[in-house]
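Visitor: Mind looking over this structure? Questions follow.
The values are calculated or read from the model by the stated rules, or taken from the named source; none is laboratory data. Only a predicted model underlies this, so the values are computations on that prediction, with no experimental measurement involved. Here Cβ is always computed from backbone atoms with ideal geometry, including for glycine, and neighbour counts include all displayed protein chains. Side chains are part of the model used for accessible areas, which takes the heavy atoms of the whole protein and leaves out ligands, DNA and RNA. Shrake-Rupley method; radii C 1.70, N 1.55, O 1.52, S 1.80 Å.
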Amino acid sequence: MRTDLPSLFERAVCSRLTAHAVRALYTKGWTVLPDFLQVRGHEGIQEHQDEENEETYARALCDEIRALPLQTNHTHLVDTQRGNRTTLVRKCDGVREFDGPLEPFGTQAKLSSLVTDGASSLMAMMSVLEPRMTLTRATYKLQMSPAGQCGSFPMHTDSDEMVDERRITALFYPNARDRPWVQEDGGQLRIYDWPHGAVDVPPSNGTLVLFASTSMVHRVLPVQRERFCVTLWLSGKVKPASAGPAPKLVSEEAAMRQRLLDRKIRKHVIRLLYRDEWEQSLLEAHEESEERSQLIQSFHQECELALSNMIRLFPDVNIQTFADFDRWVNAQEIDLQQADTQFGW
Ligand SMILES: O=C(O)CCC(=O)C(=O)O
Ligand SMILES: [Fe+2]
């Protein structure tokens, strides 16, 4: 039985995670909750409230992260043609990470409680608000970017149905409140919400971001100031919405536009449309090396493969080059409202 009081994060899950936000996550694949820790109402825990507020809680999390044995991470480049041989591509020093075990007491107590009890409350509340989500297990990663080192993350999705059961990514930013996060600070989380376009989320103190691990393409822009992030990956099952009556499609073109919005196809559309930015982000986030050149080469192969898949999937369209593909997709009058409600799982 627990004898400790719920943390500010757990209380925020109860009072700040709205049905509206969880519906947005389910229908469009992502949602942002700024000032997540602004828990109103004192819930009669006056003593607890006095010692822990948004500011002190977030600062304590940052101090705990700073004290961890953080390490520069690597991208795993898997060569499926050669028996899944893996090459490690070293990232730049600007991002340091830790995903090892945490001590539940002492110097890691707040982090430990966040990634266990905090994550459990989050999963339970999400399942209550959206019963098609059954999330049962959480894993985590703690991350810090020192000031002035231009740390960044390249464009990626976090998971793949074929690889593991991670379904929802929750990013929580316990960053300093002493001055607001401005454009020049960099470090924004960029979410590629095609066909709407890219959205930049500043990692301001107390912001919680939720998105679909398997299909939301995202990156972190190079950051200039000290930046912290707690990542929780929630695993389990998310049932797709039951198919309603099939939409009446007035034309072949409408049917084609609808297929482009399929979650699995959308991911490849984004890779192709943003291929230059994607390549640039890979270069920025990794140290120059022989392995990085292999990574870029493999990225080009994946783009070629995505293009040939598009040619196969849309045989009636005359696509031969990347430029043909861009022209064709950009000319489609996609129903943006439909795009929002049609995010499948
Ligand atoms: O730091 C962030 O905002 C996100 C990091 C991320 O995308 C990841 O660790 O997979
Ligand atoms: Fe990620």
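Visitor: Would you mind telling me which numbered condition in (1) in the same structural domain as residue 31 (by TED's automatic domain parsing); (2) within 16 Å of ligand 2 (Cβ to nearest atom); (3) in contact with a strand residue (DSSP E or B) (Cβ under 8 Å, 6 or more places away or on another chain) residue 224 fails?
Guide: Of (1) in the same structural domain as residue 31 (by TED's automatic domain parsing); (2) within 16 Å of ligand 2 (Cβ to nearest atom); (3) in contact with a strand residue (DSSP E or B) (Cβ under 8 Å, 6 or more places away or on another chain), only one is false for residue 224: (2).
Visitor: May I ask you to list the residues in segment 148-184 that are within 13 Å of ligand 2 (Cβ to nearest atom) and within 14 Å of residue 212 (Cβ to Cβ)?
Guide: 156, 157, 158, 159, 160, 166, 168, 169, 170, 171
Visitor: Out of 343, 299, 325, I need the residue that is under 25 Å from residue 190 (Cα atoms) and part of a loop (DSSP other than H, G, I, E, B). Which one?
Guide: 343
Visitor: In addition: Considering each of 200, 262 in turn, give the residue that is more than 13 Å from ligand 1 (Cβ to nearest atom) and out of contact with any Phe, Trp or Tyr (no Cβ under 7 Å at 6 or more places or on another chain).
Guide: Only one candidate passes the filter, namely 262.
Visitor: Among (1) in contact with an Asp or Glu (Cβ under 9 Å, 6 or more places away or on another chain); (2) assigned to a loop (DSSP other than H, G, I, E, B), there is one condition residue 190 misses while meeting the rest; what is its number?
Guide: All conditions pass for residue 190, except number (2).
Visitor: Taking interchain pairs and intrachain pairs at least six residues apart, which have beta carbon atoms under 8 angstrom, with the first residue in segment 169-183 and at pLDDT 95 or above and the second among the acidic types (Asp, Glu) and within 16 Å of ligand 2 (Cβ to nearest atom)?
Guide: Within 8 Å, the pairs are 169/158.
Visitor: Taking the criterion of being closer than 30 Å to residue 114 by Cα, in a loop (DSSP other than H, G, I, E, B), open to solvent by 60 Å² or more (accessible area, probe 1.4 Å) and touching a strand residue (DSSP E or B) at 6+ places or on another chain (Cβ under 8 Å), would at least one residue in segment 282-289 satisfy it?
Guide: No, segment 282-289 contains no residue that is closer than 30 Å to residue 114 by Cα, in a loop (DSSP other than H, G, I, E, B), open to solvent by 60 Å² or more (accessible area, probe 1.4 Å) and touching a strand residue (DSSP E or B) at 6+ places or on another chain (Cβ under 8 Å).
Visitor: Can I ask one more? Of the numbered conditions (1) closer than 23 Å to residue 26 by Cα; (2) surrounded by fewer than 17 Cβ atoms within 10 Å (Cβ to Cβ), residue 236 fails exactly one; give the number of that condition.
Guide: Result: residue 236 fails condition (2) only.
Visitor: For residues in segment 290-334 being touching a strand residue (DSSP E or B) at 6+ places or on another chain (Cβ under 9 Å) and polar (S, T, N, Q), which is least open to solvent (accessible area, probe 1.4 Å)?
Guide: Out of the qualifying residues, it is 298.
Visitor: Does segment 135-147 hold any residues that are hydroxyl-bearing (Ser, Thr, Tyr), within 16 Å of ligand 2 (Cβ to nearest atom) and over 23 Å from residue 280 (Cβ atoms), and which are they?
Guide: 139, 140
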